[in-house]
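Asks: Starting off with a structure, shown below.
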Amino acid sequence: MSETAELSVEKSKLKKEREPLFSKKNKKLITDPLDENNPVTIQVLGICSALAVTVQMKAAVVMSISVLFVLILANVSVSLIRNLIPNRIRIIVQLVVVASLVIIVDQVLKAYMYDVSKELSVFVGLIITNCIIMGRLEAFALGNKAWPSALDAIGNSIGYGMVLVIVSFFKELFGSGKLFGFEIFGNAVEKTGLYGLGYMDNGLMLLPPSSLILVAIYIWVQKVRNPSLIETH
Amino acid sequence: MDLVKIFIKSAFVDNMIFAFFFGMCSYLAVSKTVKTAVGLGMAVIFVLVVTIPLNWLIENFVLQEGALSWVDGSENGEGFSGLDLSYLSFIMFIAVIASIVQLVEMIVEKFSPALYGALGIFLPLIAVNCAILGGALFMQEKQFPNIAGATVYGLGSGVGWFMAVVLIAAIRERIRYAKIPGPLRGVGMAFLITGLMGLAFLGFMGFEI
């Protein structure tokens, strides 16, 4: 993979004469997916994992980093070989590229972060069919050079990670009174801190439907702040 | 009896959409009208019933530790029986799914143009639907003892997915002309409805037969 990374750097250097590395257009590739073209809330891609791994912030952060890694390398490598792929079998080629990257991520997680990998269970494997990856490969990497593809990948995976972290923040804080495993509101069993005053965790926050409702609220807030995103029908 | 149990559990208790959010992307994309929802739902059932038993065979005769012992008849970790290829499962499963989808598309087109007309445009979409790969990975986790169990699991999950997508499409058709606050129109409302439906499906949790 280091070869492809070097290639992309070389390519971007060649391009520099005509277009600076962080031209206005390229900067937009990173900032757009954070808000007005967010992959989860606006493009509606990659929902499955965004909803399923948000019970704990730690899992959400690990998941976002895995997606960042896979998306950048997949976008760059597919963009480099885009002119060699026959159109009819492009989906299978993309799937093979993504699947090999996901195997690397899965093995690394199993080796160094076994507890997190157990909690993510099948969702690491599901990065393969995460629509963000396939969607960006189809919509961007197949038609653009390596450097813009890398920027697009960074922007989109940060936009994805942002939603994951925000949703898991509320789910973990109100569902179990913790953040990253640290007890924020005191200990629920020994009745210290807020729990001593009669506060109770909201168990509903830990169940799957609450992440759907939290994402809906996120979309609501985002569209109230930016009315141009409101759908017309 | 066991098979009935597996079916009910995979269709209702562990419903793919409401408990695991598998295939949410296509679920939200096709649920604008009931007709397209039925089309994709049928295609998902079909592909799940075909691919899950196939992946079960691959898992049990190729990938698992010692699964290859039938090649040279070796035992106790000697020769082929010592191989553990389970790290290859992602790439094997996705390859099986992608090629089967392509194959199914060609067969259906050749022998049943009517069915192709109904499912045709949805079949390519299915290769990258996480419900299919998710079903295969859960099948691997659940360790079904025989192929019948795996097939029924595929059927049950497919039926559960079908049910969820048709239900939400019906609701979305019904509320199309309702007065929804602007920012919630479209995707936002679909999320909220799915959340409420998920709450209803929580009633099946802990359901024993």
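The values are calculated or read from the model by the stated rules, or taken from the named source; none is laboratory data. Quick caveat: nothing in here was measured; it's all calculated off a predicted structure. Reconstructed Cβ throughout: ideal geometry from the backbone, glycine too, with neighbour counts over all protein chains shown. For the accessible areas, the whole protein counts, side chains as well, though only heavy atoms, and no ligand, DNA or RNA atoms are used. Shrake-Rupley method; radii C 1.70, N 1.55, O 1.52, S 1.80 Å.
Asks: Please give the net charge around residue B:31, taking every other residue with its beta carbon less than 10 angstrom from that of residue B:31, where Lys and Arg add +1 and Asp and Glu add -1.
Replies: Numbers: positive: B:32, B:172; negative: B:173.
Net charge around residue B:31: +1.
Asks: For the B and A pair, go ahead and give the buried accessible area with a 1.4 Å probe, both sides summed, in Å² to 100.
Replies: 3700 Å²
Asks: Average partner chain C-beta neighbours within 10 Å, per residue of A:42-51?
Replies: That average works out to 6.
Asks: Here is a follow-up. Under a 1.4 Å probe, what is the accessible area of the protein assembly as shown per residue, stated in Å²?
Replies: Ligands and nucleic acids excluded, the result is 47 Å² per residue.
Asks: Looking at the stretch B:110-209, which chymotrypsin sites (Phe, Trp or Tyr not before Pro) are in a loop (DSSP not H, G, I, E or B) and have at most 13 other Cβ atoms within 10 Å?
Replies: Answer by residue number: B:177, B:207.
Asks: Here is a further query. Under 12 Å from the Cβ of residue A:137, count the other residues' Cβ atoms, weight Lys and Arg +1, Asp and Glu -1, and hand me the total.
Replies: Values: positive: A:82, A:90, A:136; negative: A:138, A:152.
In short, +1.
Asks: Could you work out [θ]222 nm for the protein assembly as shown from helices alone, using -39500 (n - 2.57) per DSSP H run of at least four and dividing by all its residues? Round to the nearest 500 deg cm²/dmol.
Replies: For the protein assembly as shown, the value works out to -20500 deg cm²/dmol.
Asks: Taking the Cα centre of the protein assembly as shown as origin, sum charge times position over the Cβ atoms of Lys and Arg (+1) and Asp and Glu (-1), and report the length of that vector in debye to the nearest 20.
Replies: It comes to approximately 1980 debye.
Asks: Can I ask one more? Compare each residue of the stretch A:200-233 in its chain alone against the assembly with all protein chains, and report those whose accessible area goes down by 30 Å² or more; 1.4 Å probe, heavy atoms.
Replies: Going by heavy-atom accessible area, the residues of the stretch A:200-233 that drop by at least 30 Å² are A:207, A:208, A:209, A:212, A:213, A:216, A:219, A:220, A:223, A:230, A:231, A:233.
Asks: Let me ask something additional. As a quick test, which of the pairs A:171/B:5; A:118/A:171; B:35/B:179 have an alpha carbon distance above 30 angstrom in this structure?
Replies: Pairs exceeding the cut-off: A:171/B:5.
Asks: Report P(r) for chain A: all Cα-Cα distances, bin width 5 Å, range 0 to the bin holding the largest distance, values in whole percent.
Replies: So the P(r) values, bin by bin, are 1, 7, 13, 15, 16, 15, 12, 9, 6, 3, 2, 1, 0, 0.
Asks: Between residue A:114 and residue A:96, what length in nm is gained on full extension when 0.36 nm per residue of separation is reduced by their alpha carbon distance?
Replies: On the way: separation 18, 0.36 × 18 = 6.48 nm, distance 2.51 nm.
Extra length from residue A:114 to residue A:96 when fully extended: 4.0 nm.
Asks: Helices from chain B with mean Kyte-Doolittle at least -1.0 and a Cα length along the axis of 18 Å or more, per DSSP H: which?
Replies: Flagged H segments are B:34-58, B:89-111, B:147-174, B:187-201.
Asks: Sticking with this one: Could you please state how large a percent of the accessible area of the protein assembly as shown is carbon and sulfur, counting protein chains only and using a 1.4 Å probe?
Replies: On the way: 13760 of 20660 Å².
Result for the protein assembly as shown: 67 percent of the exposed heavy-atom area is carbon or sulfur.
Asks: Describe numerically, in nm with one decimal, the distance between label points set 7 Å from Cα along Cα→Cβ at residue A:206 and at residue A:224.
Replies: Between residue A:206 and residue A:224, the label points sit 3.0 nm apart.
Asks: For the stretch B:2-204, state what percent of all Cα-Cα pairs lands in each successive 10 Å bin, counting from 0 Å until the bin that includes the largest distance.
Replies: That works out to 9, 31, 31, 19, 8, 2, 1, in percent per bin.
Asks: I'd like the GluC sites (Glu not before Pro) in the stretch A:104-199 restricted to DSSP loop residues with at most 10 other Cβ atoms within 10 Å, sorted by number.
Replies: Details: sites: A:119, A:138, A:172, A:183, A:190; in loops: A:190.
The qualifying sites are A:190.
Asks: Further question: Using a loss threshold of 20 Å², tell me which positions in the stretch A:84-113 are less accessible in the complex than in their chain alone. Probe radius 1.4 Å, ligands and nucleic acids ignored.
Replies: A:91, A:92, A:95, A:99, A:103, A:106, A:107
Asks: Sort out the exposed loop chymotrypsin sites (Phe, Trp or Tyr not before Pro) in chain A (DSSP loop, at most 16 other Cβ within 10 Å) and tell me the longest stretch that has none.
Replies: Longest stretch, sites excluded: A:23-179.
Asks: Radius of gyration and Dmax for the protein assembly as shown's Cα atoms, expressed in Å?
Replies: 22.6, 71
Asks: Still on this structure: Which helices of chain A meet both criteria: a Cα extent of 20 Å or more along the helical axis and a mean Kyte-Doolittle score no lower than 0.0, with helices taken as whole DSSP H segments?
Replies: A:57-80, A:90-112, A:146-176, A:208-225
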